[in-house]
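In what follows, a structure is listed as structure tokens, so that the remarks can point back to it.
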Amino acid sequence: MLSMNKSKLAFNATRSIAQINQSRNIYRFPLESDINITKTGKTKIAHGLGGRHSRTGYQVSVFGGTGFLGKILTSKLAKHGTITIAPFRNGRSKRHLKVCGDLGVVNFHEFDIRNLKSIEESVAHSDVVVNLLGSSTNTKNFSMADANIEGSNRIAKISKDFGVDRFVQVSSYNADPNSPSEFFATKGIAEEVVKQHYPDATIVRPAPMYGRNSKFLNDMLSIKVFGGNIIYRQEVYPTHVEQVAQALEKIVYDDSTAGKTYELYGNERYSRVELREMLKYMIHLNQYGFFPAASGYDMPAPEFLVKIWCLLNGKLNPSLEAFDYDTYRRSTLHQKIDPSALTYKDLGIVSDELADWLYKYVKPHIIASSQAKNRTVYGKEEVLKLRDYVNSPKNYLDLFGYGSKN
Ligand SMILES: NC(=O)c1ccc[n+]([C@@H]2O[C@H](COP(=O)([O-])OP(=O)(O)OC[C@H]3O[C@@H](n4cnc5c(N)ncnc54)[C@H](OP(=O)(O)O)[C@@H]3O)[C@@H](O)[C@H]2O)c1
């Protein structure tokens, strides 16, 4: 037994770094060297071959880790053994994070943005803090300013006080302190507030993100919508949530990204109206021909009515993720690209095409009864054809225009 352990030790000792790195390539280990020095001079030593039992030596706090992007980022960080702190406020929303990493890698800490001590405990031993916490609605307990500005302010200030090396702030496309939209304005102000504490914070502005169960696509899948012609008119460059998480993972380990601003967006510009039309076909609302698909069960409405409806909706249902007045305001603001910001390219990432992924993410929403009748699988080419079709002029008298989309 003893001799077997000895020979194992000898085997491990004789393995060259090159061999280990070669094995790591299989797992796409995020770090290039085993010994890394942080900005404040702390030494981080990586262990293992790059898989689940490895450790990168880093500790990262991910605020908003229970959200759509947060859970993917946490999983990317934890799978190579970065000790991850996931501050949470809702016990149920954190459960799925438990299995993202090896035992002891994903650590939970209950917190509230009003409770400073809970924030202190969440960042106390971390090397990097990533702030994904954000809200696009005013709820009963927290306004957008509370969550986006004050939340970021407190997290950044406390992180600085506790000597956290780096701060990564996830903002939003169109973030601008002077924006007429409350969401874009609060995100813009939050960037400035964070920079007061961390002048070298990395700012990441994602475009609307699609992925499994994304709000971006799910919002457009509802069958009945009042005033969809207004609400969905915004034009954006949707991006894949997996790639935003990949970019954030790179940023976390790469100190040269400190102080830079990244805008992460897809290559193709889509209007939400156009995407919604495409989705109607893909989820087989078109099974009865052209007419119901083109108008769906939507109720197009004049702008002033939608405006009033959104205003009332926001006031009467403040805790619902419903169409509120800011949704109306955002519908008027197309996505603007900041030419001075860095992009995926600067991180060595080639942006995904929405057409490659759309069907995969929409498939679970296909109405079961219609699956039997229409089994079209929308590959990239079909999706692009569909896009051309929904944008082409229609013969509105051809109520049963079977085949016309081919
Ligand atoms: N999704 C997009 O298309 C998009 C586009 C542009 C920018 N962004 C920004 O990117 C970031 C991540 O987006 P996401 O889609 O992952 O957001 P998300 O799913 O809505 O997640 C938001 C996270 O913030 C937390 N949070 C919100 N308000 C809070 C509060 N008052 N106190 C404590 N925690 C709070 C949520 O906690 P709970 O889980 O407990 O609710 C959740 O973990 C956000 O800052 C968002 O504004 C997103």
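So what are the ³J(HN,Hα) numbers for the range 326-339, from phi and the Karplus equation (6.51, -1.76, 1.60; θ = phi - 60°), rounded to whole Hz, Gly and Pro as x?
Karplus-based 3J(HN,Hα) across the range 326-339 equals 6, 4, 4, 4, 5, 5, 8, 10, 5, 5, 9, 9, 8, x Hz.
Any chance you could list P(r) for the range 32-206, counting all Cα-Cα pairs in 10 angstrom bins from zero, rounded to whole %?
11, 38, 36, 13, 2, 0
Rounded to whole Hz and in sequence order, give me ³J(HN,Hα) for the range 270-281 from the Karplus expression 6.51 cos²θ - 1.76 cosθ + 1.60, θ = phi - 60°, writing x for Gly and Pro.
10, 8, 5, 4, 5, 5, 5, 4, 5, 5, 4, 5
Determine ³J(HN,Hα), in whole Hz, for all residues of the range 251-267 in sequence, where each value follows from phi through the Karplus function 6.51 cos²θ - 1.76 cosθ + 1.60 and θ = phi - 60°; x replaces Gly and Pro.
4, 4, 8, 10, 5, 6, 8, 4, x, 9, 10, 10, 10, 10, 8, x, 7
Computed on alpha carbon atoms, what radius of gyration and Dmax characterise the range 156-234, expressed in Å?
Every Cα atom of the range 156-234 included, Rg and Dmax give 16.5, 51 Å.
Suppose the chain between GLU235 and ASP356 were pulled fully straight at 0.36 nm per residue; how much longer would it get relative to their current alpha carbon spacing? Numbers along the way, then the final one.
Values: separation 121, 0.36 × 121 = 43.56 nm, distance 1.93 nm.
Result for the pair: 41.6 nm of gain on full extension.
Accessible area per residue for the range 32-206 in Å², computed with a 1.4 Å probe and the full protein assembly in place, what is it? Working shown, then result.
Working: 7230 Å² over 175 residues.
Ligands and nucleic acids excluded, the result is 41 Å² per residue.
Report, in whole Å, the centroid distance computed from the Cα atoms of the range 81-135 and the range 210-262.
The range 81-135 and the range 210-262 have Cα centres separated by 22 Å.
Charges at C-beta only: +1 for Lys and Arg, -1 for Asp and Glu. How large is the resulting dipole of the range 32-206 about its Cα centre, in Debye rounded to 20? Mind dumping the intermediate values first?
Working: 23 positive and 17 negative charges, 116 e Å.
Around 560 debye, computed over the range 32-206.
The values are calculated or read from the model by the stated rules, or taken from the named source; none is laboratory data. Bear in mind that the values here come from a model prediction, so they are computed numbers and not experimental data. Because the Cβ atoms are built from the backbone with ideal geometry, glycine has one as well, and the counts that use them run over all protein chains shown. All accessible areas refer to the heavy atoms of the entire protein, side chains included, with ligands and DNA or RNA removed. Shrake-Rupley method; radii C 1.70, N 1.55, O 1.52, S 1.80 Å.
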